[in-house]
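This report concerns only the one structure given below.
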Amino acid sequence: MAAISGKYGRMTIDGVEVMELTEWTLNYGMAVEKYFSRSGEGAQKTVDGAESGSGTISMVFDPSSPQGILFPSGTLATLELMHTLDGAINLRGDARLGEHKYSANRDGKVQECTIDFDTDGRWQIHGAVFPDPPA
């Protein structure tokens, strides 16, 4: 799987932008299934499998805000991830939110939250440069 990361992006739930992201990572690609066949002359062969991905998104939130960050695990969100502010690499797709990691301190300042996610369906990947598969 190809791994890429960036620091610009946004998360929407039910079409409403709920958070601006400060950092993200995504591992996305196609599983390769392995099998043995007589046509392989004794060598292992492969076939392409299903596309899937996982990653993390980070954002900041104000702990004094009544809304805070209340996106429970299991929420289906749409993520738009950009490598740079002008979107040189733009990835978009649905993601199921997983484990949340919060940090806190006593000064009441804005805090960071990191959320793990798994892709849900096929993602659109524009402008990403991945090596061509071997011929």
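Results, tabulated for the structure shown:
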| quantity | calculated |
| --- | --- |
| Inter-site label distance for residue 20 and residue 36 at 7 Å from Cα along Cβ, in nm | 5.7 nm |
| FRET efficiency estimate (nearest 0.05) - Cβ-Cβ, residue 126 to residue 27, R0 25 angstrom | 0.90 |
| Built amide H within the under 5 Å cut-off of residue 22, gap 5+ | 58, 59, 60 |
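Throughout, read-outs are computed from the coordinates displayed, never taken from laboratory work. Remember, predicted model here, so these are calculated numbers, not experimental data. Note: ideal-geometry Cβ built from the backbone for every residue, glycine included; neighbour counts use all protein chains shown.
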